[in-house]
Amino acid sequence: MKKQTLKRAAALTLAVAVMAPAASALSWKDGAPANYNFTYGGDNGGIAKVEASDTNGTFSGTVEAGQTITTQTGTIVWRDSYTNVTTFTVTTEPGYELVGLSGTNVVEDDFRYDGGNTYTFSFTDKGAEAWCYGKDVSFDLVTDKTMYTITFANEDGNELGFITAALDEPLFTSIVPEKEGYTFSRWMLNETTAMPDTFTADMLKYADENKNITVTPEFTVNEYPVTINYYVNNNNGVNGGTLESKTDNVMVPYGTTINEAWLAENNRLSGYKMIGGDHDVTVGVDGAAIDLVKKEAVFEEDHAYFTYESKDDGVLSVTYGIEDKREGVNVDVNETIRMSYSDYLWGEKTITFTVQVADGKTLVLNCSDGSNEFTDNGDGTYTFAFTRGGTMINKPADHITFALSTVEK
């Protein structure tokens with residue numbers, strides 16, 4: 001009986017020795033390793049990098065096209081199996097996206113988009129009794145160029161239209177934005193970078209998370225004619241007076257502010273002053289006209305001269321009339337009205353100025369001869385007058401200047 005027991009024990013020991021791997025052969029935890037092979041077959045371009053790693057930590061690194069890698073699953077005789085997950089991470093080049101996954105022992109197109117240019121797919125294997133359940137894998141990748149939306153917006157951000165395009169495709173639109181006084185020149189990615197004719201990789205940095213690139217127009221300013229008239233003075237109260245032979249016609253950019261400073265800078269003010277004073281005249285699509293008069297007018301006998309010297313913001317308008325011959329003629333700062341009275345040998349002639357002021361204001365008149373009286377008409381207007389002439393023959397020239405201002409009532 002004792003001998004039989006010894007024989008059974010010896011047989012059991014022999015069986016275990018045959019079935020169990022040697023301790024020196026174990027390399028993953030306490031089980032024998034079982035290999036799981038993966039081959040990256042290739043792609044059609046647009047792949048920046050393919051990386052792989054497994055949950056057992058038996059492989060981690062980059063995988064090149066045509067390369068086979070191996071991950072390992074531990075196996076244990078008579079015990080539960082070990083599970084290993086091998087994950088591949090694919091990064092595409094900018095402007096490309098992964099659209100296909102195929103191969104041997106691969107579920108077609110079974111991958112996940114992780115955002116940006118990154119995609120992942122995984123394979124799971126279990127090991128038991130010295131083998132793997134999973135079959136070796138060979139996979140191929142397919143990419144396509146990403147479509148982007150190019151949105152054309154005006155300077156206010158309002159959308160004018162859009163096109164779609166991918167890398168290396170032409171960028172063309174028939175949209176031509178308009179802006180008064182300007183000519184459209186090109187579409188811009190930002191203030192300094194123009195949109196190219198073809199979709200380039202450099203454009204990708206301007207795309208938002210929705211793959212949209214917004215471009216805005218760049219315009220070139222147009223030039224329009226500005227006429228500068230040079231006058232001696234006003235002739236017998238006629239607005240405009242005697243035009244000298246000199247008249248300038250210059251081309252000036254739209255929106256330019258013409259004032260005495262601009263005229264001086266462009267050497268067109270020497271010896272003259274601007275009718276209307278130093279106020280702004282903006283160049284529009286119809287150009288502009290500027291009237292200048294001599295700073296030192298020639299005053300003739302038998303004439304009276306009245307110069308509108310200055311005003312403040314409370315003065316809205318000034319007109320004048322000479323008896324029944326003309327009424328309501330506009331006059332501006334630096335303008336001189338000339339009134340002839342040589343044909344009035346025995347009579348007199350009167351010129352009357354009417355001033356419109358802002359609401360809540362009252363007029364202040366300052367004349368060079370001290371005649372500062374005026375009439376309040378009760379409707380926001382004020383009048384003052386000068387009378388010249390009489391019985392005297394060869395009447396001397398007379399020149400009066402007046403300045404207008406306002407105060408609160």
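Largest accessible area first, the residues Lys295, Lys135, Lys211 order themselves as Lys135, Lys295, Lys211 under a 1.4 Å probe with ligands, DNA and RNA left out.
Ordered by 1.4 Å accessible area with all protein chains kept, Arg338, Arg112 run largest first as Arg112, Arg338.
Taking all protein chains in place and a 1.4 Å probe, what share, in percent, of the accessible surface of the stretch 124-221 do carbon and sulfur account for?
46
The reciprocal of the average 1/r between distinct C-alpha atoms defines the Kirkwood hydrodynamic radius, which for the stretch 99-206 equals 18.4 Å.
Once all protein chains are placed together, Glu327 keeps about 130 Å² accessible to a 1.4 angstrom probe. Counting heavy atoms of the protein chains alone, His399 has an accessible area of about 70 Å² for a 1.4 Å probe.
Heavy-atom accessible area for Thr173, with the other protein chains in place and a 1.4 Å probe, reaches approximately 30 Å².
Figure legend: label point modelled 7 angstrom from the Cα of Thr68 along Cα→Cβ; residues of the stretch 94-124 with amide N under 15 Å from it are 104-105. Between Glu93 and Ile47, Ala48, the built amide H atoms are under 5 Å apart, and every one of these is 5 or more places off in sequence or on another chain. Each residue, Asn266 and Met147, gets one label point 7 Å from its Cα in the Cβ direction; the gap between the two is 5.2 nm. Alpha-carbon geometry of the stretch 97-160: the Rg and the Dmax are 20.5, 72 Å, given in that order. Scalar couplings 3J(HN,Hα) for the stretch 55-72, obtained by applying the Karplus form with A = 6.51, B = -1.76, C = 1.60 to θ = phi - 60°, are 5, 7, x, 8, 8, 7, x, 8, 10, 8, 4, x, 8, 10, 10, 10, 10, 10 Hz; x denotes Gly and Pro. Cβ-Cβ distance of Thr200 and Asp156, R₀ of 30 Å, FRET efficiency by 1/(1 + (r/R0)^6): the value works out to about 0.65.
The values are calculated or read from the model by the stated rules, or taken from the named source; none is laboratory data. The structure displayed is predicted, hence computed values, not measured ones. All Cβ positions, glycine included, derive from the backbone under ideal geometry; neighbour counts span all protein chains shown. For accessibility, only protein heavy atoms count, side chains too; no ligands or nucleic acids. Shrake-Rupley method; radii C 1.70, N 1.55, O 1.52, S 1.80 Å.
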